[in-house]
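K.L.:
One structure is given below, represented as structure tokens, and several questions about it will come after.
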Amino acid sequence: MRQRALLLLACTLVAGGCSRADAPAPAKALESPAVATPAATPLAAAPMKAATLAERYPDWPTGGSCVDDRTCAGALRCDEGRCDFPQAMTGRATGDTASLTVLGAKGGARFDLEVADEDWEEMRGLMFRREMAKGWGMVFVFANEAPRSFWMKNTLMALDMVFVRADGVVDSVVSRAEPLTLTPRRSTGPATYVVELAAGVAAASGIEAGARLAFDNLPAGKVAE
């Protein structure tokens, strides 16, 4: 009895009480290792949507009714009684869109063309435009073969001017005509057609004096090859 009393007293003094079996306390459970949560991977920035022609040219309201280009703002053209952006800006070709192909050893290049064959279309040309779709240009069609002279009034892009005889042979080329100038750019000899392309395109496409061009869907028909 005395021995048990001493044991109880010892438990009280040392630990303030004894465990159920006086066994060592169970080992503490291991904590799960902390796993770093990966930072959220930011989504790749979506490419900026290219502004539409309407957004780039807000001062040119489309959709208005028209009889010809003279009643349309800026460089808008009258298409089926409605003012709209011209083909050489939209790049939309149809089955009856005019075109030219470069013939001969340096040939192969092809361009779709807007047609200017009325007096007011000749006067406006590519004025007011800051851009042209790749592979496009404008062709001026005249009723006869004669020396031609063009200027760059209100024309915002540098251009190549290609003067073409009635038989499709290039008379001469004015390369990189400076925009916004009144300097006359003249053909060397007579021409029935004048093709305007983006600056530097003529030389890159093998278009030079003496080269042969074939036109399709012009108002006056195809130029002889």
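Nothing in this text is a laboratory measurement; each read-out follows from the coordinates by a stated rule. Since the structure is predicted, the reported quantities are computational estimates derived from the model, not experimental observations. Quick reminder, even Gly has a Cβ in these numbers, built from the backbone with ideal geometry, and neighbours come from all protein chains shown.
K.L.:
Work out, step by step, the length gained on full extension between E122 and A214: first 0.36 nm times the residue separation, then minus their alpha carbon distance; give nm to one decimal.
P.N.:
Computed gain between E122 and A214 is 31.0 nm.
K.L.:
Let me ask you something else. Please compute the net charge surrounding M138, taking Lys and Arg as +1 and Asp and Glu as -1 over other residues with Cβ under 12 Å from its Cβ.
P.N.:
Result for the local shell: -4.
K.L.:
Further, regarding this structure: Dipole of the stretch 90-216, Cα-centred, from +1 at each Lys and Arg C-beta and -1 at each Asp and Glu C-beta, to the nearest 20 debye?
P.N.:
So the dipole magnitude of the stretch 90-216 works out to roughly 480 debye.
K.L.:
Pairwise over distinct Cα atoms, reciprocal of the mean inverse distance: report the Kirkwood radius of the stretch 90-216 in Å, one decimal place. Spell out each step's value before the answer.
P.N.:
Numbers: mean 1/r = 0.0696 Å⁻¹.
This gives a value of 14.4 Å.
K.L.:
DSSP loop (so not H, G, I, E, B), at most 13 other Cβ within 10 Å: list which trypsin sites (Lys or Arg not before Pro) in the stretch 103-143 pass both filters. Present the calculation step by step, with values, prior to reporting the outcome.
P.N.:
Working: sites: K106, R110, R124, R129, R130, K134; in loops: K106, R129, R130, K134.
When the trypsin sites (Lys or Arg not before Pro) of the stretch 103-143 are filtered for loop state and at most 13 Cβ neighbours within 10 Å, K106, R130, K134 remain.
K.L.:
Quick one: net charge around S187, please, counting Lys, Arg +1 and Asp, Glu -1 for every other residue with C-beta under 15 Å from its C-beta.
P.N.:
Spelling it out: positives minus negatives among the neighbours equals -3.
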